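Novice: Starting off with a structure, shown below.
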Amino acid sequence: MRDLTAMREEYQGRGLDRADLADDPVEQFQRWFEEWAATDPFDTSAMVLATADADGRPSARYVLLRSADARGFAFFTNLGSRKGAELTVNPRAALCFGWLGQARQIRIEGTVEPVDPAEADA
């Protein structure tokens with residue numbers, strides 16, 4: 001196997017100054033999302049969703065962001081899937097956007113709840 005440590009990238013980009021950030025974290029996310037979308041990545045809305053089952057065993061997979069607003073971050077999922085079952089017994093989850101081209105990642109943690117069926121089907 002290759003020496004993976006020799007492949008390490010330096011992610012020091014432009015840094016982060018609190019004075020440049022919006023007071024509202026969702027507004028800041030939306031700004032950075034638009035910057036990321038302007039770079040024309042393969043799938044702008046792809047993010048990692050991490051869940052855990054009732055015994056605390058973690059699981060992570062990519063899902064697609066559907067929306068982000070003051071209510072929270074909505075994503076596409078199959079409620080009958082493993083992640084759906086895990087969220088039923090343990091609604092705590094984490095999201096991670098890896099925007100490596102911008103030397104940036106966004107991490108979000110919170111409690112997940114289903115949206116209204118009409119919204120889910122829209």
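The values are calculated or read from the model by the stated rules, or taken from the named source; none is laboratory data. This is a predicted model, so every value here is computed, not measured. Positions of Cβ are generated from backbone atoms using ideal geometry, with glycine treated the same way; all protein chains shown enter the neighbour counts.
Novice: Output the number of residues of segment 32-73 satisfying the condition of being assigned to a helix (DSSP H, G or I) and either in contact with a Cys (Cβ under 7 Å, 6 or more places away or on another chain) or among the aliphatic types (A, V, I, L, M) (or both).
Specialist: So the count comes out to 2.
Novice: Scan segment 56-78 and give yes if some residue there is of a type in the set (Ser, Thr, Tyr) and farther than 27 Å from residue 28 by Cα, otherwise no.
Specialist: Within segment 56-78, one or more residues are of a type in the set (Ser, Thr, Tyr) and farther than 27 Å from residue 28 by Cα.
Novice: Now, a different point. Among the numbered criteria (1) touching a Lys or Arg at 6+ places or on another chain (Cβ under 9 Å); (2) part of a strand (DSSP E or B); (3) of a type outside the set (A, V, I, L, M), which single criterion is violated by residue 105?
Specialist: Of everything listed in (1) touching a Lys or Arg at 6+ places or on another chain (Cβ under 9 Å); (2) part of a strand (DSSP E or B); (3) of a type outside the set (A, V, I, L, M), residue 105 misses just condition (1).
Novice: Another question, if that's okay. Can you pull out the residues in segment 60-75 that are among the aromatic types (Phe, Trp, Tyr) and over 19 Å from residue 42 (Cα atoms)?
Specialist: Listed by number, the list holds a single entry, 73.
Quick grid of which residues meet (1) at pLDDT 95 or above; (2) surrounded by fewer than 12 Cβ atoms within 10 Å (Cβ to Cβ); (3) of a type outside the set (A, V, I, L, M, F, W, C):
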| position | (1), (2), (3) |
| --- | --- |
| 45 | no, no, yes |
| 52 | yes, no, no |
| 66 | no, no, yes |
| 71 | no, yes, yes |
| 86 | yes, no, yes |
| 92 | yes, no, yes |
| 96 | yes, no, no |
| 109 | yes, yes, yes |
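Novice: Another one. Which residue is modelled with the highest pLDDT, if the candidates are limited to segment 4-31 and must be of a type in the set (Asp, Glu) and assigned to a helix (DSSP H, G or I)?
Specialist: 27
Novice: Looking only at segment 74-88, how many residues end up being within 12 Å of residue 112 (Cβ to Cβ) and either assigned to a loop (DSSP other than H, G, I, E, B) or in contact with a Cys (Cβ under 7 Å, 6 or more places away or on another chain) (or both)?
Specialist: Result for segment 74-88: 2.
Novice: Are any residues in segment 1-43 closer than 28 Å to residue 87 by Cβ and surrounded by fewer than 10 Cβ atoms within 10 Å (Cβ to Cβ), and if so, which ones?
Specialist: Hits for segment 1-43 are 42, 43.
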